[in-house]
Amino acid sequence: SKGLKYLRLFGVKYFIASSEEVKREIKKYDDFILLKRIDEFEVYEIKNSGNYAEIPKFQPVFVSKKNWKEISLEWFKDDSLIEIPLIFSEKGEIRDLKEIKRIPIEKNCTLEEKIGNEEIELKTNCIKTPIWIKIPYFPNWKVEGAKKIYLASPCFMIIFPEKENVRIYYGYDAIDLIGILLSLGVIVLLFLKIGKLNL
């Protein structure tokens, strides 16, 4: 049951069991659908898992960004907390995980996702309700349809949509553009130098 929580946390859709002990344990849960047996291996699909984006069961909690990696690791090791996302912010007030309260999100939300090349398109009927994006946070990720992207536990992203349609995409900053221009400049110089040598 503890492992199942972590599989869902990372959006794992399929699970392969090989040991007899695990096979016996899996049969106790309706969350695993047996798809195929191959020799000693059993391939299962995990119900309600496999998406890159989800509405969390509980309201996220704003936590101080100071020492966020240590706090995130502490949160990760406690399976009673991993359904409550932490948002790491300069304005986060909670500094101790014992202060966290479980506030369920009881809205009847729909969420559709479309995965593209370095982008995710989302459609939801729940404006302002948090969406947990199960992709590692990086400053180059941008969003349309929400104010900003927040760093969330364990190292994912959270947005609060302001429109039904939201687009998250990987953009470029000034350093990336300078690097691209320098690379192109070097390539051009090499071609010019090769051209002169051939002459």
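Quick notes on this one:
- Extension reserve of the D78-I38 stretch, reckoned as 0.36 nm per residue once the Cα distance is removed: 11.0 nm
- Cross-link partners for K123 among the lysines, with Cα-Cα distance under 23 Å and sequence neighbours closer than 8 places in the same chain left out: K13, K47, K57, K107, K114, K134, K142, K147, K148, K163.
- For the options E93, E112, E21, a Gaussian network treatment of the chain with springs between C-alpha atoms closer than 10 Å singles out E21 as fluctuating the most.
- Span-like helix check, the chain: qualifying full DSSP H segments, with Cα axial length of 18 Å or more and mean Kyte-Doolittle of -1.0 or more, are 174-198.
- Rg in Å to one decimal, and Dmax rounded to a whole Å, for the stretch 1-147 via C-alpha atoms: 17.6, 54
- Using R0 = 25 Å, the C-beta based FRET efficiency linking E21 and K98 works out to 0.15.
- Ordering A53, Y14, Y29 by the projection of their Cα atoms onto the charge dipole of the chain, which places +1 on the Cβ of Lys and Arg and -1 on the Cβ of Asp and Glu, puts A53 at the extreme positive end.
- Here's the picture: charge each Lys and Arg Cβ at +1 and each Asp and Glu Cβ at -1 in the chain, and of P154, W75, I187 the one pushed furthest to the positive end of that dipole is I187.
- The simple Förster model, with R0 at 25 Å and r as the Cβ-Cβ distance, assigns K2 and R167 a FRET efficiency of 0.10.
- Student exercise, the stretch 1-71 dipole from Lys, Arg, Asp, Glu Cβ charges, in Debye to nearest 20: 420 debye
- Taken about its Cα centre, the chain carries a charge dipole of roughly 300 debye when the Cβ of each Lys and Arg holds +1 and the Cβ of each Asp and Glu holds -1.
- Relative contact order %, the chain, counting alpha carbon pairs below 8 Å whose residues are six or more apart: 17 percent
- Shown for the chain: cysteine residues without a partner Cβ closer than 4.7 Å, namely C155.
- Label-point separation in nm, K114 to K142, each point 7 Å along Cα→Cβ: 1.9 nm
We did not get these values from a lab; they are worked out from the coordinates using the rules stated. Everything quoted here is computed from the prediction, not taken from an experiment. So basically every Cβ, Gly included, is an ideal-geometry build from the backbone, and we count neighbours across all protein chains shown.
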